[in-house]
């Protein structure tokens, strides 16, 4: 303490104080801002990271750069976290088929082990959202009614109230959510893939995220109570049906009724 | 001479019938109405479809009123549908969910009601298109055409008020758009909105108010109009397509009793069966998907039912700004700045206004241009009135462009195109489409008339290829069956009537305009083949019914 007090009038003391203040506020901000961003590379072995690096160099580096630093064709992946990789590669969006308004889902290119290795590599580059654990996805503990409310307020404006998908500007779109795994839905919410915003844990808590997933899985599994749902597209599909099939059947009957035996 | 012997029926059924008949005079009605003749054509049956779906609406709607609670009181849902249990909502929405999930047969009846509603408006529209394209609105039926147009508007009003009743998110968004449109009306808009919703949107009054309109006032006016409509049909008699023996003074067809009573009665059950089958197999307006109304969320894919779609589409097509020109005007008045939202007011009211004005006025526009004040009971085949067909197609195209615009987001996602591009193209089509539609439809109609002429003059192609002794190949043409010939030659030949001077020898400005329109409509025309023309051609060719085109000796010698 004596040494410290002796140097308190040192010319660099003010600079040191400023630096300390910045580090503390910055550190606090980081801690507060990344409540949901689960810690990096936990549970991955060094060999996973090594294998992931090889896969990355062979499949991803063309656009994302040799050190995942990003290029004109693809963003930097430092700090995107394992969840982003698991979502993008696990749904087949990456490696991207072609540049376009947004990456489209296609058949998955890698097996689970390879996806895990790639996730390990990217997670090792910087702290980012981790792949959610099983209990965060356990829909048996979720509340579908609460999830439905969260979904209508936060998700339905792009994904449609029945999660049937919808259009965004200039060729971008929000996909339909039927058939998307619980894990991928969760990862999408915490990483904000393509044009989707990030819903961090202070915005939608992990429990609410689980409720949303419960809601989506429930409306998917319960089917349509009223019969064929015409794509859940609302009045357009209904109008199209009545003008084509509905009136078509009516016209067939009118022709039959007014035909004469020949 | 002598006292007439009292008729005494022998069976008990006969006795009851006789008793009733003597008191209400039923046989007189049957005698008069049962002998009424109606012509037979499939395209005449859409009005019937509209009537039957309306009856179906009354039946299914009555069922729904037993269980629906038109109240915006706040309740917590505790019914069978799990994804909404425990959620706060209006009593209207909760009772709609109860009808869907907890009332036996309720979901089926809801779907019957909604499917028949959109089929009802579709049938009314197709019926009006048939009447328009065949010229059935001409004298003496102009007023009935207007009544029909009023019925179309009433059908849309009935549909929209019903669509809003469940108080779900989808219909609430629709009401919010209506609120916006009302508020865009200059000066009075805000007041009308406040009166309509009993305060600021959404308030707690709109659902009960719409309910009164939907179950009582609108259907009552529809019933009255249907009564007037059918009464006028009986007074005017039904129109018929031209054909041998069919004149402006008769109706060729079958009597109501027994033919049409059976046919129409059967057709009612056919329509009922079709609607019931559709309702049993396909879901419509799954309100449980949309959730209770809450002014904050707006779901993707929010559209009105199809008959309001054209207004929604016009709103989507309208640009908010054009370059630097904004359609939102802030006008500084002495008492403060008032906003004139032309970007809402123009698309919401102008296209629909123009459409309905032209539609209602068309019978008078047409008789003014053609100077045709005669009665018409024989219909036009659409090709034989190219100007009218062109105008009709132009109207249909402009309606369909707006209609497509209402589903621009679904077009974008399903055809993998950019939403912005869809809007830009539809804007172009909105301007050019009707013009192209008019030109193309009129050309097609004129070409079909030419083809008819060709068939009359040269007979129909038999598909028999003959080789002449000289080695030339030609197709044998056969003469037309006289019955079919009648349809091809017997149509009205409308000619240009140039502007006429009035009694004082003066050509008024409106008469000049009429002359110009007449020229525009009838300059290009195909005259029907006259008997003398046909006879002259036959004589010239000098051979019998089995004319062989291109094989006459003259043509070879040349």
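The values are calculated or read from the model by the stated rules, or taken from the named source; none is laboratory data. Since this is a predicted model, take the numbers as computed values, not measurements. Note that each Cβ is placed from the backbone with ideal geometry, even for glycine, and that neighbours are counted across all protein chains shown.
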*Looking at segment A:81-120, which of the residues that are in contact with a helix residue (DSSP H, G or I) (Cβ under 6 Å, 6 or more places away or on another chain) and without any contact (Cβ under 8 Å) to a residue 40 or more places away in the chain is farthest from residue A:190 (Cα to Cα)?*
A:95
*Tally of residues being at the interface with chain A (Cβ under 9 Å from one of its Cβ atoms) and free of Cβ contacts under 8 Å to residues at least 12 places away in the same chain across segment B:264-318*: 8
*Tell me, yes or no, whether segment B:461-468 has at least one residue that is more than 26 Å from residue B:534 (Cα to Cα), in contact (Cβ under 8 Å) with a residue 12 or more places away in the chain and part of a loop (DSSP other than H, G, I, E, B).*
no
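Which residue is farthest from the other protein chains (Cβ to nearest Cβ), if the candidates are limited to segment A:228-242 and must be modelled with pLDDT under 90 and either farther than 19 Å from residue B:283 by Cα or part of a helix (DSSP H, G or I) (or both)?
As a first pass, look at segment A:228-242 and keep what is modelled with pLDDT under 90: A:228-234.
Add one more test, that the residue is either farther than 19 Å from residue B:283 by Cα or part of a helix (DSSP H, G or I) (or both), and what stays is A:230-232.
Working: A:230: 6, A:231: 9, A:232: 7 Å.
Among residues in segment A:228-242 that are modelled with pLDDT under 90 and either farther than 19 Å from residue B:283 by Cα or part of a helix (DSSP H, G or I) (or both), the one farthest from the other protein chains (Cβ to nearest Cβ) is A:231.
Do we have residue A:245 as farther than 30 Å from residue A:88 by Cα and either crowded, with 18+ Cβ neighbours inside 10 Å or within 13 Å of chain B (Cβ to nearest Cβ) (or both) here?
Numbers: farther than 30 Å from residue A:88 by Cα: yes; either crowded, with 18+ Cβ neighbours inside 10 Å or within 13 Å of chain B (Cβ to nearest Cβ) (or both): yes.
So residue A:245 fits the description; yes.
Restricting attention to segment B:142-184, report how many residues are over 30 Å from residue B:99 (Cα atoms) and in a helix (DSSP H, G or I). Explain how you work it out, then say what you get.
Our first condition is that a residue be over 30 Å from residue B:99 (Cα atoms); within segment B:142-184, this holds for B:142-150, B:180-184.
Right, trim to in a helix (DSSP H, G or I) and you get B:142-150, B:180-183.
Of the residues in segment B:142-184, 13 are over 30 Å from residue B:99 (Cα atoms) and in a helix (DSSP H, G or I).
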*How many residues does segment B:1-28 contain that are exposed (fewer than 11 other Cβ atoms within 10 Å of the Cβ) and under 30 Å from residue B:271 (Cβ atoms)?*
1
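Can you say whether residue A:200 is more than 13 Å from chain B (Cβ to nearest Cβ) and at pLDDT below 90, as far as the supplied structure shows? Don't jump to the end; show me each part of the working.
Numbers: more than 13 Å from chain B (Cβ to nearest Cβ): yes; at pLDDT below 90: yes.
So residue A:200 fits the description; yes.
Would it be correct to say that residue A:215 is in a helix (DSSP H, G or I), over 24 Å from residue B:105 (Cα atoms), facing chain B (nearest Cβ under 9 Å) and in contact (Cβ under 8 Å) with a residue 12 or more places away in the chain?
Details: in a helix (DSSP H, G or I): yes; over 24 Å from residue B:105 (Cα atoms): yes; facing chain B (nearest Cβ under 9 Å): yes; in contact (Cβ under 8 Å) with a residue 12 or more places away in the chain: yes.
Yes: the conditions hold for residue A:215.
Only residues that are in contact with a strand residue (DSSP E or B) (Cβ under 9 Å, 6 or more places away or on another chain) and in a helix (DSSP H, G or I): list them for segment B:1-49, please. Please lay out each step first, then the result.
Here is the first cut: in segment B:1-49, the ones in contact with a strand residue (DSSP E or B) (Cβ under 9 Å, 6 or more places away or on another chain) are B:34-41, B:44.
B:44 - this is the single residue of segment B:1-49 that is in contact with a strand residue (DSSP E or B) (Cβ under 9 Å, 6 or more places away or on another chain) and in a helix (DSSP H, G or I).
Could you pull out the residue among A:149, A:191 that is within 7 Å of chain B (Cβ to nearest Cβ) and farther than 10 Å from residue B:299 by Cα?
Values: A:191 fails: within 7 Å of chain B (Cβ to nearest Cβ).
Checking each option against the conditions leaves just A:149.
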*Identify, from the list A:72, A:123, the residue that is surrounded by 18 or more Cβ atoms within 10 Å (Cβ to Cβ) and farther than 21 Å from residue A:176 by Cα.*
A:123
*Collect the residues in segment B:62-81 that are in a helix (DSSP H, G or I) and surrounded by 18 or more Cβ atoms within 10 Å (Cβ to Cβ), keeping them in residue-number order.*
B:63, B:64
*asked:* So if I check each of B:428, B:417, B:422, which one is away from chain A (no Cβ under 14 Å) and either modelled with pLDDT of 90 or more or within 25 Å of residue B:122 (Cα to Cα) (or both)?
replied: B:428
*Residues of segment A:155-176 that turn out to be more than 8 Å from chain B (Cβ to nearest Cβ) and in contact (Cβ under 8 Å) with a residue 40 or more places away in the chain, as a count*: 4
